[in-house]
Amino acid sequence: MKSLHVKSLFLTAGIALVLSGCGNNGESSKASSSDKLNVVTTFYPMYEFSKQIGGDHANVVALIPPGVEPHDWEPSAKDMATLKEANVFVYNGIVEGWAEDALSSASNDNRIVVEAIDGITLMEGLPEEEEEGEEHEHEEGGAILDPHVWLNPVLAQQEVSAIQAAFEKADPANKEEYRKNAEAYIAKLKDLDAAYRESLSGTKKKDFVTQHAAFGYLAKEYGLTQVPISGLSPEQEPSPDRMADIVSFANQHEVKTIFFETLVEPKVAQVVANEIGAKTDVLNPLEGLTDDDKKNGLDYIGIMKKNLTALTKALNE
């Protein structure tokens, strides 16, 4: 991912005028145009979790548009102005390699910032990824760490709790409402966790092949093994040796389904599937909703249930 340092001249010269007219002038944590909490999030899971917690007391927006793959997205001048006005900014961490520079450029002393992965023990990426994908570098020893914690219903509960705490700090007058909303949503996540444990505990197989290494936390939680074709970045191209290893693994383990995701071209998954005579299916990393998802009224819980159905079917073939 390109760093916002590349855009430093643009940010300082082009955005300064935009931001100068958008500040909150040191006023309270509520946006001056509304009595609701002004919450800016990055991509879909952060938006959904924040929306569920905020309820009627928060205006929640997502910077990254629906259907856009978040790993390579960068903010525009308009996005920076939106961030400037936020009472609360919610981001996952690692995925949003631009976040720290953006927060510094669009400074706001009254804004509450929550990195939802803070406090969660993170997994490292695959060894062959360590020279790829600078967007996944993290301050802990320079290792490439996996950001996809939201795909584990147990870790998603921790992210919800972190966001709840930020809302309560920004708007203590509605603390009880945020607490009730968070508890209600966490109860749904606990039910989702229970459904995963019941469905996946007795499957015939425990290994599944994915195009993108997004499901490591989910696999670990439920005793499964994710075998990714590519790395943490969905656009990372696998080497010929990696492709050969995947084909060999899939043949040896009689894999009949190769999973791909919704926002990235599935050509790599299709190549492997064609090679071994398997089919392809969707395992959604929930990095953004598609138009079809929205038309069908799907949300985080609904898509995670679809993922469970697809996984259970593949692991019992």
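Peptides 92-103, 275-286 ranked from most to least packed give 92-103, 275-286, packing being the mean of other C-beta atoms within 10 angstrom over each peptide's residues. Farthest toward the positive end of the dipole of the range 164-259, out of Ala187, Ala165, Phe208, is the Cα of Ala187, where the dipole comes from beta carbon charges about the Cα centre.
Rolling a 1.4 Å probe over the heavy atoms of the protein chains gives the range 209-317 an accessible area of 43 Å² per residue.
For the residue pairs Lys78/Lys180; Lys51/Lys313; Lys51/Lys306; Lys51/Lys305; Lys279/Lys313, the C-alpha atoms sit more than 24 angstrom apart in Lys78/Lys180; Lys51/Lys313. Here the accessible area is traced with a 1.4 Å probe on the protein chains. For the range 165-205, carbon and sulfur cover 50 percent of it.
The values are calculated or read from the model by the stated rules, or taken from the named source; none is laboratory data. None of the values given here were measured: they were computed from a predicted structure. Cβ sites come from the backbone with ideal geometry, for glycine too, and all protein chains shown count toward neighbours. Ligands, DNA and RNA are stripped out before the accessible areas are found, and what is left, the full protein with its side chains, is counted by its heavy atoms. Shrake-Rupley method; radii C 1.70, N 1.55, O 1.52, S 1.80 Å.
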